[in-house]
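Below is a structure I'd like to ask you about.
The values are calculated or read from the model by the stated rules, or taken from the named source; none is laboratory data. On a predicted model such as this, the values are computed, not experimentally measured, just so you know. Reconstructed Cβ throughout: ideal geometry from the backbone, glycine too, with neighbour counts over all protein chains shown. These accessible areas exclude ligands, DNA and RNA; they are computed on the full protein's heavy atoms, side chains included. Shrake-Rupley method; radii C 1.70, N 1.55, O 1.52, S 1.80 Å.
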Amino acid sequence: MILFNDKKIMENKINCFLHIPKTGGQTLWHILKEQDETYMILHGEYFREFDKPFSYFTMIRNPIDRVISTYYYISSYVRDPLHEQVKKMTIEDFVDHIQEDENEREYAKNDLRSLRLRTANLATRYISGGNASNLEKAKINLNRHFTVIGLTERYLESLYLLKKTYNLSNFTYKKRNITNNRKK
């Protein structure tokens with residue numbers, strides 16, 4: 001069973017999946033939904049500590065691959081607030097919008113400046129608790145609170161580690177066939 005962002009989870013110990021976008025997280029949702037035990041999924045939220053025992057696991061991805069995946073996702077997903085703007089961009093234009101911003105702050109979801117919050121140092125931002133520049137805090141959190149840090153590029157091996165660590169029951173893993181409509 002899975003719960004999303006639930007601050008009132010009733011379990012004695014919280015097993016929490018920190019979902020960093022574009023790392024294969026929705027596949028994990030389906031696997032965790034098949035389990036008897038309850039798992040909390042932090043989706044659209046950053047690392048936080050709880051008032052009862054907890055452990056985290058997450059998936060991370062090569063940052064370049066994740067940025068490219070984000071570009072193709074936004075440009076093809078009509079419901080994304082930036083879809084209309086991004087579908088007219090090249091990948092180079094997209095990357096230009098995520099360059100350093102010394103006044104980094106949150107912008108409206110349909111503002112292209114929000115791309116930086118969705119792409120730059122995303123793993124560090126999520127794992128540190130919200131600060132993309134705080135690599136040291138992210139490292140501390142990883143060492144203290146994360147039992148498995150999977151790699152999207154090694155997805156099956158990461159699932160194996162999760163299965164062993166959390167004693168997951170048998171599950172079905174269906175590799176999705178994804179085709180990119182990339183312009184050549």
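Looking at the range 116-144, which of its residues are within 20 Å of Pro53 (Cα to Cα), open to solvent by 30 Å² or more (accessible area, probe 1.4 Å) and touching a residue at least 40 places away in the same chain (Cβ under 8 Å)?
Result: Gly129, single match.
Here's another thing I want to ask about it. Taking interchain pairs and intrachain pairs at least six residues apart, which have beta carbon atoms under 9 angstrom, with the first residue in the range 1-18 and on the phi > 0 side of the Ramachandran plot and the second small (Gly, Ala, Ser) and at pLDDT 80 or above?
Pairs that qualify, where the first residue is on the phi > 0 side of the Ramachandran plot and the partner is small (Gly, Ala, Ser) and at pLDDT 80 or above, are Asn5/Gly44.
Here's a follow-up. Filter the strands (runs of 3 or more DSSP E) completely within the range 1-47 down to those with at least 3 residues that are in contact with a helix residue (DSSP H, G or I) (Cβ under 9 Å, 6 or more places away or on another chain).
Once the strands (runs of 3 or more DSSP E) in the range 1-47 are filtered for at least 3 residues that are in contact with a helix residue (DSSP H, G or I) (Cβ under 9 Å, 6 or more places away or on another chain), what remains is 14-19, 39-43.
Got at least one residue in the range 89-110 being open to solvent by less than 30 Å² (accessible area, probe 1.4 Å), part of a helix (DSSP H, G or I) and among the aliphatic types (A, V, I, L, M)?
no
From the set of residues in the range 55-70 that are open to solvent by 40 Å² or more (accessible area, probe 1.4 Å) and not in a helix (DSSP H, G or I), which is farthest from Arg144 (Cα to Cα)?
Restricting to residues being open to solvent by 40 Å² or more (accessible area, probe 1.4 Å) and not in a helix (DSSP H, G or I), the top hit is Asn62.
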